[in-house]
Amino acid sequence: LNCVAVSSAEPGDGKTTVLANLGVACAQVGKRVLLIDADLRRPGLTRLMDLKGRSGLADLLGNDQTLADGAARSIHDSGLPCLDVLPSGTRPLDPTGLLASPRFAEILAWAEAHYDQVLIDSPPILVASDATIIGRVAGGLMLVVQPHKNHRRLVIRAVEETQSADLQLVGIILNRLSHQSGQ
């Protein structure tokens with residue numbers, strides 16, 4: 001898949017850091033990569049990339065300008081070759097409504113046509129229905145899990161949520177493993 005959403009079972013599992021590192025790794029092998037912060041409620045990627053206050057996804061979703069014009073204003077250079085970022089933008093009143101609009105699918109289709117890899121930071125799957133919407137439009141979802149933090153039942157619920165929503169779960173990433181913890 002060249003368009004994948006990244007989510008987690010709960011906040012603080014490191015999904016944003018994993019997504020950013022995956023984007024850097026793809027860019028380092030020469031792929032043109034777009035990172036999208038679609039966590040419109042708690043935009044961690046936007047903060048990580050120091051793009052707070054810049055136009056972004058919510059602005060692109062909420063206006064009628066052409067995608068080419070909007071993307072030119074909303075997509076920002078990361079400072080690394082081949083890696084661009086679409087921050088979350090202005091905080092919307094109805095994030096779920098914006099993400100469920102046909103415009104979101106149009107933006108992702110445009111991004112797939114212009115980039116080799118599109119990685120989307122979405123909210124934790126058990127916190128907001130936004131992750132389900134994003135995963136469905138993206139075509140696949142990766143789940144970031146912290147074994148020492150997430151209880152087994154919580155991870156099972158997150159996987160069951162992907163199954164009940166008929167999402168393609170393309171992988172589970174175990175984050176923050178250490179040799180000392182025996183994991």
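Annotations for the structure displayed:
- As a rough guide to protection, the peptides 36-44, 75-83 ranked by mean Cβ packing within 10 Å, highest first, stand as 36-44, 75-83.
- Working from Cα pairs under 8 Å separated by at least six residues, relative contact order for the range 1-58 is 23 percent.
- Straight-line cross-link reach from residue 52 at under 16 Å between alpha-carbon atoms covers these aspartates and glutamates, not counting any fewer than eight positions away in the same chain: 37, 39, 77, 84, 121.
- Rounded if a/c under 1.5, otherwise prolate or oblate - the range 1-103, Cα gyration tensor axes: oblate
- Angle between the chain longest axis and helix 102-114 axis [Cα atoms, degrees, rounded to 10]: 90 degrees
- The range 84-139 and the range 12-42 have Cα centres separated by 13 Å.
- Ranked by the mean number of other Cβ atoms within 10 Å of their residues, highest first, the peptides 115-124, 14-23, 87-96 come out as 115-124, 14-23, 87-96.
- Computed over all pairs of different Cα atoms, the Kirkwood value for the hydrodynamic radius of the chain is 16.3 Å.
- Residue-averaged 222 nm ellipticity for the chain, from DSSP H runs of 4+ at -39500 (n - 2.57), nearest 500: -11000 deg cm²/dmol
- Share, in percent, of DSSP beta bridges within the chain that are antiparallel, nearest 5: 10 percent
- Average Cα contact separation per residue, the range 116-183, under 8 Å, 6 or more apart, as relative contact order %: 36 percent
- Whole-number percent relative contact order across the chain, with pairs defined as alpha carbons under 8 Å at least 6 apart: 34 percent
- Compared with the dominant Cα axis of the chain, that is its longest principal axis, helix 15-28 is turned about 60°.
- Take the range 36-183 with all the other protein chains still there, run a 1.4 Å probe, and you get 51 Å² of accessible area per residue.
- The portion of the accessible surface of the chain made up by carbon and sulfur, rounded to a whole percent, is 52 (1.4 Å probe; DNA, RNA and ligands excluded).
The values are calculated or read from the model by the stated rules, or taken from the named source; none is laboratory data. This one's a predicted model, so the numbers in the text were calculated from it and none came from an experiment. Cβ coordinates were reconstructed from backbone atoms using ideal geometry, including for glycine residues, and neighbour counts include every protein chain displayed. Ligands, DNA and RNA are excluded from the accessible area calculation, which covers all protein heavy atoms including side chains. Shrake-Rupley method; radii C 1.70, N 1.55, O 1.52, S 1.80 Å.
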